[in-house]
Amino acid sequence: MLTADRYDIIMQLLTEKKSIKIQDAIEATKASESTIRRDLTDLEAQGKLVRIHGGAVLPERKLQEFSMKEKSSKNIQEKAKIAQLAASLVNEGDCLFLDAGTTTIQMIPYLKDKDIVVVTNGLSHVEALLKHGISTYLTGGYIKEKTGALVGAQAIESISNYRFDTCFLGANGFHISLGYTTPDPEEAMVKRTASNHALQAFVLADHSKKNKVSFAKVMDLQEAALITDKLSREEIIQFSNKTTLKVADQ
């Protein structure tokens, strides 16, 4: 069977099932395991699928984005644990960038007793920051209706005027070879800018974002440390080989 024909069969299987195991592709194409593994690697390089342990899934490239209310109801306990771990990394006197997002906002109660300064592009973060007596600066920019994130040229210009000890970013997906991604290119640019103006950057993403790929790339995996939860031992080794990894409650 020609390589192009195997590709077509694999992609057809993925379209029907959304995720496949290596054995599914072997049975459908009658090819060897080594050939299928090579095919999956090639198709991933083309951006047509995402490799996961033992198989592959379709990439999530839609521009659809959920609101803060919709996102905040998912994986609440996991996000709280990740946020608490992230907050423990903050030192007295630090200047932070706190990205808009439902995990980063949960850091705020754990920061209340620290003498810090926070810059944020999260409109919904401001009330909580002020409530806990944290010195706060809000970037300028266009306000996204669904997420309350400030983006665009004014947000980027504002962030560029600061220098952060640490920035804490959200992401819609993290992948071993495709890095951190988000649905909106403008938000991706804001995140990159904050990271470029920080001594260290952390991405906070719960296990549901693992192996997910959205439309806009933020940065490669090794460009920011990852704080997540519920990884297998094999996944911990895999991600630790690429970046600094911190796993909540593990």
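No value in this document is a laboratory result; all are computed from the given coordinates. This one's a predicted model, so the numbers in the text were calculated from it and none came from an experiment. Here the Cβ positions follow ideal geometry from the backbone for every residue, glycine too, while neighbour counts run over all protein chains shown.
The stretch between Ser34 and Glu157, if pulled fully straight at 0.36 nm per residue, gains 39.4 nm over its current Cα-Cα span.
Listed by chain and number, the lysines placed with their C-alpha closer than 18 angstrom to that of Lys30 are Lys21; residues fewer than eight positions away on the same chain are left out. Can you tell which of Phe174, Pro109, Gly152 lies farthest toward the positive end of the dipole of region 68-248, using +1 and -1 charges on the Cβ of basic and acidic side chains (Lys, Arg; Asp, Glu)? Final value for the positive-end residue is Phe174. Mean residue ellipticity at 222 nm, helices only, the chain: -10000 deg cm²/dmol; runs of at least 4 DSSP H residues each add -39,500 (n - 2.57), and the sum is divided by the number of residues. Of the trypsin sites (Lys or Arg not before Pro) found in region 72-124, the ones in coil according to DSSP and having at most 16 other Cβ atoms within 10 Å of their Cβ are Lys74, Lys112, Lys114. Can you find, among Ile9, Gln46, Ala56, the residue farthest towards the positive end of the dipole of region 3-57? Put +1 on the C-beta of Lys and Arg, -1 on that of Asp and Glu. Final value for the positive-end residue is Ala56. Residue order for Asp184, Asp115, fewest other beta carbons within 10 angstrom first, comes to Asp115, Asp184. Rank these for me by crowding, Ile134, Ile237, going from fewest to most other beta carbons within 10 Å. Ranked by crowding around the Cβ, least crowded first: Ile237, Ile134. Across region 101-115, the residues whose backbone nitrogen lies under 16 Å from the label position 7 Å along the beta-carbon direction of Asn91 are 114-115.
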